[in-house]
Ligand SMILES: Cc1cc2nc3c(=O)[nH]c(=O)nc-3n(C[C@H](O)[C@H](O)[C@H](O)COP(=O)(O)OP(=O)(O)OC[C@H]3O[C@@H](n4cnc5c(N)ncnc54)[C@H](O)[C@@H]3O)c2cc1C
């Protein structure tokens with residue numbers, strides 16, 4: 001049996017190290033298990049991850065009217081000119097096999113009358129291609145992977161292990177430093193380390209992501225000197241539950257795929273005014289459409305399913321119906337108030353198609369990685385697929401000799417735009433020079449609020465300059481003192497680091513594309529900006 005260590009941590013080295021226990025980390029662990037001792041470090045309960053909350057499903061070209069080529073075309077169209085085509089081909093071609101493997105391993109996806117997997121349709125998919133397990137697909141996939149991992153003796157999982165730094169020697173990553181649940185700090189060395197730390201939604205005040213999604217892997221890689229890319233591209237989901245006092249629970253796009261409609265406070269449908277595909281337009285368009293409608297009418301926007309069969313709604317979306325019930329709403333009858341929330345980050349640690357990064361010994365897979373498959377905007381239900389495919393591929397690369405396992409990438413890039421051109425415009429945020437107080441948790445809330453207001457759905461140079469200036473100041477104050485190890489300070493420092501990097505990248509890109517919308521540069525500008533922003537290092 002794979003061991004789960006709760007209290008006493010006495011590990012100093014392993015063969016292969018994985019940080020994170022979502023779909024990417026678990027799939028990689030299964031591939032690595034025959035090759036040696038694998039340790040998974042995960043900062044909470046192993047099931048607590050974005051993966052566990054995924055609702056709509058996992059995309060794969062298995063339908064009779066579908067093909068990997070069609071799936072690739074939809075993925076590239078959503079990516080708004082910035083997808084990495086070879087990586088997309090890997091995703092859609094190999095993805096079919098990995099999803100079938102999940103079914104062979106016992107994943108219980110919903111089935112059609114002929115017992116083939118029932119396929120849902122989501123925004124920007126031209127055909128039905130989304131396999132789902134009710135509206136809790138991530139939980140089901142996590143269950144299957146976790147059961148397999150738990151059976152393997154060579155995998156050890158350490159819970160409540162917050163990784164705060166990568167150990168670097170001669171520009172090679174040789175392991176990690178982490179805090180255990182009692183706050184003691186440990187170093188673990190390994191011949192290869194995989195970052196599978198997931199997303200960064202918690203950097204924003206409004207998010208569908210659980211509390212673990214603080215973008216730690218991006219900060220760890222940044223501080224170790226790894227190259228990051230595309231951090232300005234954050235996907236804001238249009239329909240999170242918008243009820244005062246309730247968490248921003250996701251109301252999946254699959255509901256609109258099944259006929260749910262967005263209406264304003266007067267019950268009028270409005271999305272066709274913003275896009276010919278109406279309610280099924282790309283996520284960023286729907287998110288901004290909702291925000292504009294709220295501003296225009298001064299009233300909330302609702303999702304209505306009242307015209308659909310009530311029993312079908314409850315059977316097809318039991319988790320969402322239950323969540324609505326808890327806040328006093330009947331999903332099938334009541335208008336459900338919805339609004340945008342940060343949902344997914346397309347950018348991250350730059351990798352090639354094998355999860356290799358710019359540093360020897362460091363690999364990345366899943367939401368923390370920037371493989372280039374999502375370009376400027378992710379196609380719905382492609383991220384679980386990405387975690388599966390690239391988790392397994394990163395595992396293969398981790399078994400190669402170290403020097404052969406460094407990223408080779410020929411993407412068109414532009415680096416350091418902010419530091420060289422725009423940094424001069426950043427006016428330092430006025431501060432009290434004597435203020436050396438450690439940051440309190442209030443400051444983290446302020447950062448999340450600042451990110452939502454200035455680096456959210458509508459971005460402007462003015463707002464971004466303000467955000468960058470404040471975050472430049474905060475990050476200096478937040479830097480932990482090496483002689484007083486403190487997990488909370490590291491948590492804060494890494495969150496502020498990620499916020500700062502996203503803000504700088506957003507300031508750098510003077511156009512609108514995919515999830516990145518600049519109100520002052522509202523058009524896509526291929527002439528100047530069909531490039532990836534990498535290495536926006538402020539220092
Ligand atoms: C509400 C919601 C619904 C979604 N629905 C869908 C969907 O229907 N289809 C789809 O394709 N995608 C969906 N997504 C996106 C998808 O779930 C994620 O992109 C994907 O699951 C990410 O997997 P991952 O393995 O990269 O990371 P995660 O599943 O987030 O796992 C990250 C792991 O890393 C751990 N970790 C993080 N930092 C540290 C640290 N410093 N030290 C130790 N451990 C750490 C976390 O605790 C966690 O175990 C949804 C996301 C959300 C939030």
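Evaluated against (1) modelled with pLDDT of 80 or more; (2) exposed (fewer than 13 other Cβ atoms within 10 Å of the Cβ), residue 410 falls short on exactly one condition, (1).
Table: residues versus (1) within 12 Å of the ligand (Cβ to nearest atom); (2) under 25 Å from residue 12 (Cα atoms); (3) in contact with a helix residue (DSSP H, G or I) (Cβ under 6 Å, 6 or more places away or on another chain).
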position: 196; (1), (2), (3): yes, yes, yes
position: 205; (1), (2), (3): no, no, yes
position: 218; (1), (2), (3): yes, yes, yes
position: 239; (1), (2), (3): yes, no, no
position: 263; (1), (2), (3): no, no, no
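Annotation note: of 73, 54, 69, 44, the sole residue that is out of contact with any helix residue (DSSP H, G or I) (no Cβ under 7 Å at 6 or more places or on another chain) and either modelled with pLDDT under 95 or under 30 Å from residue 176 (Cβ atoms) (or both) is 44.
The lone criterion from (1) in contact with a helix residue (DSSP H, G or I) (Cβ under 7 Å, 6 or more places away or on another chain); (2) under 26 Å from residue 516 (Cβ atoms) left unmet by residue 276 is number (1).
From the list 139, 143, 128, 100, the lone residue that is over 23 Å from residue 21 (Cβ atoms), outside the structural domain of residue 490 (by TED's automatic domain parsing) and in a helix (DSSP H, G or I) is 100.
Screening 372, 366 for residues that are more than 9 Å from the ligand (Cβ to nearest atom) and touching a residue at least 12 places away in the same chain (Cβ under 8 Å) leaves exactly one candidate, 372.
Here the condition is being away from the ligand (no atom under 16 Å from the Cβ), crowded, with 20+ Cβ neighbours inside 10 Å and within 18 Å of the chain's Cα centre (by Cα); of 253, 232, it holds for 232 alone. Scanning region 253-266 for residues that are touching a strand residue (DSSP E or B) at 6+ places or on another chain (Cβ under 8 Å) and either touching a residue at least 60 places away in the same chain (Cβ under 8 Å) or more than 23 Å from residue 316 (Cα to Cα) (or both) yields 253, 254, 255, 256, 257, 258, 262, 263, 264, 265.
Are any of the residues in region 376-393 away from the ligand (no atom under 12 Å from the Cβ) and in a strand (DSSP E or B)? Within region 376-393, none of the residues are away from the ligand (no atom under 12 Å from the Cβ) and in a strand (DSSP E or B). Looking across 184, 226, one residue alone is away from the ligand (no atom under 14 Å from the Cβ) and surrounded by fewer than 20 Cβ atoms within 10 Å (Cβ to Cβ). It is 184. Residues that are touching a strand residue (DSSP E or B) at 6+ places or on another chain (Cβ under 9 Å) and either surrounded by 23 or more Cβ atoms within 10 Å (Cβ to Cβ) or outside any helix (DSSP H, G or I) (or both) within region 150-160 comprise 152, 153, 154, 155, 156, 157, 158, 159, 160, listed in sequence order. Scanning region 513-534 for residues that are touching a helix residue (DSSP H, G or I) at 6+ places or on another chain (Cβ under 9 Å) and without any contact (Cβ under 8 Å) to a residue 40 or more places away in the chain turns up just one, 521. Candidates 311, 356: the one that is more than 25 Å from the chain's Cα centre (by Cα) and away from the ligand (no atom under 16 Å from the Cβ) is 311. Scanning region 38-61 for residues that are within 14 Å of residue 209 (Cα to Cα) and within 6 Å of the ligand (Cβ to nearest atom) gives 48, 49, 50, 51, 53, 54, 55. The single residue among 163, 173 that is farther than 17 Å from residue 503 by Cα, away from the ligand (no atom under 14 Å from the Cβ), assigned to a strand (DSSP E or B) and touching a helix residue (DSSP H, G or I) at 6+ places or on another chain (Cβ under 9 Å) turns out to be 173.
The values are calculated or read from the model by the stated rules, or taken from the named source; none is laboratory data. These numbers were taken from a predicted model, which means no experiment stands behind them. Quick reminder, even Gly has a Cβ in these numbers, built from the backbone with ideal geometry, and neighbours come from all protein chains shown.
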